[in-house]
Structure formats: structure tokens, C-alpha cells
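Let me begin by presenting the structure, written as C-alpha cells, before commenting on it.
The values are calculated or read from the model by the stated rules, or taken from the named source; none is laboratory data. For clarity, every value in this text was computed on a predicted model and none was experimentally measured. Glycine gets a Cβ as well: all are built from the backbone with ideal geometry, and neighbour counts include every protein chain shown. Each accessible area value is taken on the protein alone, full model and side chains, heavy atoms only, with ligands, DNA and RNA left out. Shrake-Rupley method; radii C 1.70, N 1.55, O 1.52, S 1.80 Å.
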Amino acid sequence: MLENGDCDDGDDDRCSLNTCGIAQPNYRPAAASLVGLPPPFSDQVLENVLENVLCFLTCHRDRNAASLVCKSWFRAEAQTRLELFIGNCYAVSPARAIGRFRCIQSLVLKGKPRFADFNLVPLGWGARFSPWIAAMAPSYPSLQRICLKRMTVADADLVILATSFPSFRDLTLICCDGFTTAGLAAVAENCRHLRSLDLIENDVEDEDDDGVDWMSCFPPGKTCLESLVFDCVGCAVNLEALESLVARSPSLWRLRVNDYISVGRLFRLMARAPQLTHLGTGSFSSFDGEGDFGDSLESAFMASKSLVCISGFRDLAPEYLPSIYPVCANLISLNLSYALITTDQLKPVITRCHNLQTFWVLDSVLDEGLQMVAATCKNLRELRVFPLDATEDSEGSVSDVGLVAISEGCKKLQSILYFCQTMTNAAVIAMSNNCQDLVVFRLCIMGRHRPDHLTGEPMDEGFGAIVKNCKKLTRLAVSGLLTDKAFAYIGKYGKLVRTLSVAFAGNSDLGLRYVLEGCPKLQKLEIRDSPFGDTGLLSGIHHYYNMRFLWMSSCKVSLKGCKEVARRLPHMVVEVIRDRLEDDNSVAMEKLYMYRSLVGPRNDAPPFVKLL
């Protein structure tokens, strides 16, 4: 569960790595027309002027468009680009990216497909950071910021990073693996100008007794640190070193600690950093023998007048919840997605949060809890409701009742992720009518092929209303019992949809064809456990070059169909991923991952990946 704003998607910030520009026509005016005119500027002068203009273009989409005007604009844009976003580490080689963009100061790099978050990508699939950092170290001496998502990062990579860039400031690792506290120690010790170290949903687990006291490796004296996030680190930290670091970091505005930090330790940290605006609380309970810190914790929150965002609560002791009451009125973001909290426990908190704009919570609050949210949080922009029990046959805790309440009470809503077991078309239609500013709508009905639980009808009309009425929609996740009619609606009305996720839905290849032929902006398509086969796959031949990737797992695609796509689209990389090597001769492909690339198939594919 990613904290909001933490480099979650980046769909619109995709950097252009095309290498072909459009040559400018050579107009040769008549000699008579040149009489009395000063000599024309040289191409170099024009490029210098253009570079000064391009410096004011900060939107990546605008820069991409500028780079395609002509060759001189292509060169000037590359020379002035400081920020580089690569949505797939295999779409371009490190050498090619560095060869074009020579002055990069900030890099965002993504690796594994998103379904790796659901254990659908086998371990060892790839996305290693090693070749990238080896190439960047001698080429980007001014690099200041790196954000990696779903990459495999070794401790040796972090050592190179920490010792190669004198001005390095910001490191963000999201859903990464492969590194330990030894790598963190190298970053803490060598990055003297570090402003942010944000470790979000990574797998950081040291072997027993092999952990390094990385918190003590930060240099002594006043630091530049502004953000420190380590709630995913699965081992204890040196509390004294942490308190000292916080105390000598006057610019620190975000601190998120792991569940080895009790409330007794939390209030001491808060006392040393009353300027915090974002706080991750750690366990939010007291450890054995520590005593009761309720009054001290409440005093610490009362003194933290700048707090606007709170998360954590990983081992919530309900008796400490009243301590956050003093800051609730100022909160714009509250993340309770790790807190097993009941409706009664939520009520005194949420009824004080009138300014809340982002709220993440477990479905343990029930529909009644969501009704309280709807009655209080009129400015809510983002809601995520996660399941306490994510199994298909679990008893649902929230339903269409909660969704209707949110749609009626939170009409400024722009993004929703909603896990449930039962839903109705009427509830989804109500959401489409009441919340027409929705940009993201992700409804996850966890049971397979669940119809409208009141009428027994497919959920076609509900999702059809979403794409028809929510004109700004760019991301959609569908589930439940859906026929091809739902996909016809998506193809007809979902003209801005860039990301579509499909689970356990559809009844023929026609549904996939509707989407691929009707959604011109589609960039990312994720499909699992659906009946789409070769005919549906081949219907998108005309569009795949415009997409970032296609993922299909547990569908009806055959090896023959995959080979046909690879034959007809030679610049697409088609990967067939097998869970077991003995699946090599099976007719149906377990997993298909297809993406565009400027450099062709990768050279580090493991044996269970077949490149077509």
C-alpha cells in the first residue's frame, strides 16, 4: 500500500526516447529577396536560443512534443533535459539513454510489471539496477535524485550510488528488493548532502545478527535531511542515533518509522521535531514494561501544530487513539490501512477530520464507518478501502451501501480503490452520477464472476455508466460478472483511459477487441483469469506500438498466437513466462508480458522466460 504522492504511477511523465526526428525542409529563397538583409543566423545560434527557451518547459509531455518537431529541436531538447522518466527499464538500454541525455540530474526508473505486487511475477525475473548504476556513475556527475520502483537493487549498487555523485540528494526506493541495511549504511555515510531517504514497501530483511547499525552512519552535525521514511525496514534501529539525527535535522518535515518504534519512543521523536508535517507512527502501541504514555503522546501531538498527514498505526492500541484528536482538524491525509480499527473506534477520529482529502482504511470499519466518512469529509479527493481478508470466499465487510454513501457525501472525489465482496449496478451508477470528476476508479469485487447481488445481472451497466459519465477517467479496474457489453462501453466511451486492469471478466475475444480498437490513449493493459485468446490478442496489432505494455496471465492465449504477434511486430518484445520449466510444451501460455523496446530483447532473461 503506497503512501499517497510517493511516485505511485507517473503515466503522464513518460520521457520520450524516440530517435527519429522530422527533418526541417530546406527552403532556398530567391537571391533578390536577400538583398539588404543581414546574414542568417547559424544553426548553432538558433540552437542556443532554443535551448534557453526549452529550459522553461517543465512538463515532460510538452518536452516530448518539442523533441519531435525537427532534428535541431530534438538535439536541443536532449541537451536541456534534466529529468528523465523511464517507465520500463527494458524499453531502452542505459547506453542509449545516456548517449542522448547527457545532463540528467533526476532519474525515475521502473522495473517489474505491477502484478509483481501480487506474486504473479516469479522471483529472479530481472529488472536489476546494476547495469544502470554502472553506466550512470561515470556519465552523470551532477546526478542528484533517483527514484526506483520494482527494481532489484543490490547493496553493491547502493555503494556505487553513494560514492559516485558528489551532489546526490534524494533516494526513493518503492517495492524494491535485493538490498539490506549494509546498503543503507553506505548511503547514510557517504551522501553528505542527503535531503530524502524514502524506503516505501521494500523487502528489507537482514539475516539474523547480520544487520548493520545504519542509523548511526549519518554524519555528525547539522544535516540537510527533509524526509526519512523507513517503515518497511524489518529490523530494529538504534533509537539514540535516530533521536540524535532527528534533533539535528531542522528541515525534517516527513518522518515515517517502522513498527519497532513504540509510542514511548514516538513521543520523544516528536518532541525533537515539532516542525513535522507528515508522520508515520510506527507500531502505535507500548512495548512490555514501558508503562502508559497516553498523556505524553497527546502533549506531543498538541505541540505538533504543523501535522497534516498521519500514517502508520501498524500495531494499534485503541487506548492511544485519543492522542491524535488535537491534530485531526488540520489533517488532509490519514492512512489507517495497517490499523485493525472498528467502526466505534473510527467515529471519534473521523468526525474531527473535516478537512480530509485523502483517506486509506481497512474494510473493518464496515459500511457504517464509510457512512461517517461521507457525512464528515466533504472535501475528500481520494479514498482507498483495503480488505482485511483478501481471499475470494471471505465475508465482505463493506458493500454497495458504503459506496453509495461515499458517492452522495464526497462529491469532489477524484480517485477511489474499493475492495468488496458484493456490489450492485445501482451503486456504481450512483457513483458515476455523483462523482463525475473521477480520474481513477478501481472496483475490486474479490469473488470470481460475482453479479449484481440484488438483481443477479452482470455488472455491465455499472461500469458502462462510469466510463460514460466520468469524462476525466484515465485509470479503470473492472471485476465481477462482466460480459462483452461492458467492454463495448469501455471502447465507446473510455477515450481518455490510459490504464485498464481486468480480472475474472469477459466472455469472448470480442470484449478485448472492443477495448483495443476503441481506447486510443491506452498505455497499460493488465488482464488476469479472463477468457481472451489469440483472436483478441491479434486484434490489437495496430495499437501495441503505442502502448507501454500488455500483461496477460491465466488467459487462453497460445504460443502460436504469441509468436504471430512477435513476427508481425518486430520492435515489440514478447515474453512468455512459465512458472515451471516443464511448462515449456504446454499449449496455453501461463503469462504473457509484451512491451515496446528500442533495443530489442534483453540479454538477462532467466530460463523460465522465453523471448519470442
Open item on the list: So with the 1.4 Å probe, I'd like the accessible area per residue for region 387-485, rounded to whole Å².
Closed with: 38
Task: Where region 212-302 is the region considered: accessible area per residue in Å², 1.4 Å probe - done: 38
TODO: Would you calculate, for the chain, the mean residue ellipticity at 222 nm contributed by helices, counting each DSSP H stretch of 4 or more residues as -39,500 (n - 2.57) and dividing by all residues, to the nearest 500?
DONE: -8500 deg cm²/dmol
- [ ] Quote the charge dipole size of region 62-194 about the Cα centre in Debye, to the nearest 20; the model charges only the Cβ of Lys and Arg (+1) and of Asp and Glu (-1).
- [x] 500
TODO: State the extension gain, in nm to one decimal, for the chain segment bounded by A182 and K521, taking 0.36 nm per residue of separation less the distance between their alpha-carbons.
DONE: 117.7 nm
Task: Two-site FRET efficiency, E457 against A375, from Cβ-Cβ distance with R₀ of 35 Å, rounded to 0.05 - done: 0.70
TODO: Find the accessible area per residue for region 492-548; the probe is 1.4 Å, ligands and nucleic acids are left out, and the unit is Å².
DONE: 35
Task: DSSP beta bridge pairing in the chain, given as percent antiparallel to the nearest 5 - done: 15
Task: Label-reachable residues, region 541-581, where backbone N falls under 19 Å from a point 7 Å from D604's Cα toward its Cβ - done: 573-578
TODO: Count the net charge of all other residues whose Cβ sits under 12 Å from the Cβ of D292, scoring Lys and Arg as +1 and Asp and Glu as -1.
DONE: -4
Open item on the list: Taking a virtual spin label 7 Å from the Cα of Y325 along the C-beta vector, which residues in region 259-296 bring their backbone nitrogen under 17 Å of it?
Closed with: 293-296
TODO: Quote the charge dipole size of the chain about the Cα centre in Debye, to the nearest 20; the model charges only the Cβ of Lys and Arg (+1) and of Asp and Glu (-1).
DONE: 3320
- [ ] May I ask for the net charge around Q371, where only other residues with Cβ less than 11 Å from the Cβ of Q371 are counted and Lys, Arg are +1 while Asp, Glu are -1?
- [x] -2
Open item on the list: Report the rotationally averaged projected area of region 90-233 based on its alpha-carbon convex hull, in square nanometres.
Closed with: 8.7
TODO: Would you mind computing, in nm to one decimal, how far apart the modelled labels at E392 and E205 are, each placed 7 Å from Cα along Cα→Cβ?
DONE: 2.6
TODO: First compute the accessible area of region 351-486 with a 1.4 Å probe, then give the percent of it belonging to carbon and sulfur atoms.
DONE: 50
- [ ] Could you calculate the FRET efficiency of E240 with K472 from 1/(1 + (r/R0)^6), where r is the beta carbon distance between them and R0 is 56 Å, rounded to 0.05?
- [x] 0.65
TODO: Would you mind telling me the share, in percent, of accessible area of region 82-217 contributed by carbon and sulfur at probe 1.4 angstrom?
DONE: 48
Open item on the list: What does the extension gain come out to for H193 and L82, with contour length at 0.36 nm per residue minus their alpha carbon separation?
Closed with: 38.1 nm
